[in-house]
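Engineer: Let me begin by handing over the structure; questions about it come next.
The values are calculated or read from the model by the stated rules, or taken from the named source; none is laboratory data. Please read these numbers as outputs of a predicted model, since none were measured by experiment. Heads up, the Cβs are rebuilt from the backbone with ideal geometry, glycines too, and the neighbour counts pull from every protein chain shown.
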Amino acid sequence: MTKMSNVRWSESLRLEATRLLASCGLIQILQKYGEVRLLGSYAANLMMQGDIDFHVIRSNGYTMPEVLKAYNEIALSGCFEQQTIWNWNKNTRRPEWKPNDGLSGYYVYLRTR
């Protein structure tokens with residue numbers, strides 16, 4: 001890809017991601033559970049893959065019932081074909097997947113296609 005086509009590709013992905021966030025109400029759902037911080041390539045406006053990274057931060061940790069409540073709201077939005085939850089607090093099989101930023105908690109993976 002040329003530099004300009006990279007820029008167009010990134011802009012296209014970000015526009016698609018922005019539309020998805022708005023149409024699914026994902027930020028509004030997650031704000032019920034804590035402060036939503038957009039991260040990564042979406043936040044930097046440098047998207048080359050169709051992923052959106054964010055943290056949902058609050059002072060006390062999340063319980064599995066709370067995670068499942070949020071997960072259920074997201075699943076019922078009908079926007080995602082695949083959803084997965086990883087509990088990084090108990091991750092022993094794949095320690096290399098644990099965040100290296102000192103955070104712990106749950107990782108929720110959502111896929112539209």
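Engineer: Please work out which residue is surrounded by the fewest Cβ atoms within 10 Å (Cβ to Cβ), limiting yourself to region 7-29 and to residues that are aliphatic (A, V, I, L, M) and over 24 Å from GLU73 (Cα atoms).
Structural biologist: The extreme case among them is VAL7.
Engineer: Touching a Gly at 6+ places or on another chain (Cβ under 8 Å) and in contact (Cβ under 8 Å) with a residue 12 or more places away in the chain: which single residue out of ILE74, ILE52, ILE85 fits that description?
Structural biologist: ILE52
Engineer: If a residue must be over 19 Å from THR18 (Cα atoms), touching a helix residue (DSSP H, G or I) at 6+ places or on another chain (Cβ under 7 Å) and among the β-branched types (Val, Ile, Thr), how many such residues does region 41-87 contain?
Structural biologist: Residues flagged as over 19 Å from THR18 (Cα atoms), touching a helix residue (DSSP H, G or I) at 6+ places or on another chain (Cβ under 7 Å) and among the β-branched types (Val, Ile, Thr) within region 41-87 amount to 1.
Engineer: Right, next: Consider VAL67 against the criteria (1) modelled with pLDDT under 85; (2) over 20 Å from LEU13 (Cβ atoms); (3) not acidic (Asp, Glu): it satisfies all of them except one. Which criterion is unmet?
Structural biologist: In the conditions (1) modelled with pLDDT under 85; (2) over 20 Å from LEU13 (Cβ atoms); (3) not acidic (Asp, Glu), VAL67 misses (1) alone.
Engineer: When region 30-54 is examined, which residues are found to be over 17 Å from GLY105 (Cβ atoms) and surrounded by 16 or more Cβ atoms within 10 Å (Cβ to Cβ)?
Structural biologist: Matches in region 30-54: SER41, TYR42, MET47, GLY50, ILE52.
Engineer: Something else now. Identify the residue in region 78-88 that is loosely packed, with under 15 Cβ neighbours inside 10 Å and under 15 Å from the mean Cα position of the chain (by Cα) and, among all such residues, is farthest from TYR107 (Cα to Cα).
Structural biologist: Among residues in region 78-88 that are loosely packed, with under 15 Cβ neighbours inside 10 Å and under 15 Å from the mean Cα position of the chain (by Cα), the one farthest from TYR107 (Cα to Cα) is GLU81.
Engineer: Which condition from (1) at pLDDT 80 or above; (2) more than 28 Å from SER5 (Cα to Cα) is the one that THR92 breaks?
Structural biologist: (1)
Engineer: Moving to a separate point now. Could you grab me the full set of residues in region 30-60 that are among the basic types (Lys, Arg) and within 23 Å of SER77 (Cα to Cα)?
Structural biologist: The answer is LYS32, ARG37.
Engineer: Now for a separate question. Out of curiosity, is GLY61 surrounded by 12 or more Cβ atoms within 10 Å (Cβ to Cβ) and modelled with pLDDT under 90?
Structural biologist: Here the answer is no, as GLY61 does not meet what is asked.
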